[in-house]
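Here the structure comes first, spelled out in structure tokens, and everything after it is commentary.
All of the numbers you see were taken from the coordinates with simple rules; none came from a lab. Computed from a prediction, not measured in an experiment: that's the story for all the values here. Every residue, glycine as well, gets a Cβ built from its backbone with ideal geometry; the counts of neighbours run over all protein chains shown.
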Amino acid sequence: MKKVLIPLSVVPILLLLAYGFWTDPRFVPSPLIEKPAPLFALSLFDGEPLSLDGLRGKVVVVNFWASWCFPACYEEAPVLEGAWRTYKDRDVVVVGVNVQDTEKAAREFMERFQFTFPNGPDPGGKISIDYGVYGIPETFVLDKEGRIAHKHVGAVTADVLSAQIEGLLRRAPVADDNRQEHERGA
Amino acid sequence: MGRRGRELDCNGSIRTHRGSRLILALVVLSMVVVLPLGASSTEEQVRQLAAELRCPVCQGLSVADSPSKMANQMRDLIRERLEAGESPEAVKAYFVERYGEWILLAPKKEGFNLLVWVFPFLGLAGGAVVLFVVIRRWQKRPQAAPASVDSAYLEKVRREMAQDQS
């Protein structure tokens, strides 16, 4: 009995360790998924203002980046610019939020990757904290109703981004459902 | 001379005694008066809140302890919100809403999390039971008989000791 019990008592500890080592401590589930995206206003590097509220009805990709974030931000920069060029005529907007950076370094980065999508700084880190950002880069894909549909941590790939955007473009707008319900009720 | 010195010593020690008592009284008074005042100041509230929040870009550091820019920005945000009249609980709730419970260094004492608070005590109680049972078993075991010593050998040791002493 004793000879079996003592080795057996190790099993729960091993299971706990196995669970601990298999989970990624850097992965933090966002509580914001399927919730309304926090609104923000940017004063873009080109001098124009941009308000998220004004982008209702479009699929919005919000990307948090920094020039010091190497290599992840350098890997995904062409992907973001590519997605913008592919989808900008189909009610999709890519917005870059530049975090904890200097204006000079940010402008150099944008020039290097020939960014044409709207980009602006996040003074005081208010927007990043509002979005629960815990690492750079992070990318949020917002549906047409302004809800956060997907969050990607780390360099976003073209496959992930286009799959997310295509999926949201296909999805029937919820506003129509509401109207139907309203009509049914009336 | 010696006498005067002793008197001086005496006076001196009395004076220091009185002095230390005064200092002690002042320290106690300042703790009583200043601590609550300090706790209600915004800066102290910011520090207390920041100590409860996990710095998102660090490994196991609180926002209060981290020198990172992110932690700095979070402290500024906490201060700003408190100064705008938000309660510390509301500020904490804001961070939980954005980052999830992960942002709290100590898990909330509810639901599954309670295990974390209960387990150490269960373990302690279990250990005490095991210890009790083991000790009882040892006590029940018959006392080991004293080791038998060869009387000739014992005699030899005694003789040698006597020789050493002389």
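Using the Cα atoms as the points, what is the convex hull volume per residue of region B:41-106 in Å³? Present the calculation step by step, with values, prior to reporting the outcome.
On the way: hull volume 4.9 nm³, N = 66.
Once divided by residue count, the hull of region B:41-106 is 74 Å³.
Relative contact order of region B:41-106, taken over Cα pairs closer than 8 Å and 6 or more residues apart, is 34 percent. DSSP finds beta bridges in the protein assembly as shown, and of those with both partners inside it, around 60 percent are antiparallel.
Region B:59-166: which trypsin sites (Lys or Arg not before Pro) are DSSP loop and have at most 11 other beta-carbon atoms within 10 angstrom? Can you show the working numbers first?
On the way: sites: B:Lys69, B:Arg75, B:Arg79, B:Arg81, B:Lys92, B:Arg98, B:Lys108, B:Lys109, B:Arg136, B:Arg137, B:Lys140, B:Lys156, B:Arg158, B:Arg159; in loops: B:Lys108, B:Lys109.
Those that pass, being in a loop and sparsely packed, are B:Lys108, B:Lys109.
The equivalent ellipsoid that matches the C-alpha gyration tensor of the protein assembly as shown spans semi-axes of 64, 37, 23 angstrom, in descending order. Taking A:Pro71, A:Pro12, A:Pro29 in turn, the Gaussian network model of chain A (Cα-Cα springs below 10 Å) assigns the largest fluctuation to A:Pro12.
Percent antiparallel among DSSP beta bridges with both residues in region A:34-172, to the nearest 5?
Values: 14 of 24 bridges.
Around 60 percent of the beta bridges assigned by DSSP in region A:34-172 are antiparallel ones.
For the residues of B:55-62, the average number of beta carbons from a partner chain within 10 Å of their own beta carbon is 2.
Across q = 0.12, 0.14, 0.17 Å⁻¹, chain A modelled as identical point scatterers on its alpha-carbon atoms has Debye log10 I(q)/I(0) values of -0.62, -0.78, -1.08, in the order of the q list. Can you show me the helix-derived [θ] at 222 nm for the protein assembly as shown, built from DSSP H runs with n ≥ 4 at -39,500 (n - 2.57) apiece and divided by the number of residues, rounded to the nearest 500. Theoretical 222 nm ellipticity from helices: -18000 deg cm²/dmol.
Need the C-alpha centroid separation for region A:18-42 versus region A:130-145, integer Å. Using only Cα atoms, the two centres lie 9 Å from each other. For chain A, what's the relative contact order in percent, using C-alpha pairs closer than 8 Å and at least 6 residues apart? Dividing the mean separation by the residue count of chain A yields 26 percent. You can think of it this way: the chain between B:Glu101 and B:Val57 has 14.3 nm of extra reach, that is 0.36 nm per residue less the Cα-Cα gap.
Pairs exceeding a 29 Å alpha-carbon distance, out of A:Lys104/A:Lys126; A:Lys88/B:Lys69; A:Lys58/B:Lys69: A:Lys88/B:Lys69; A:Lys58/B:Lys69.
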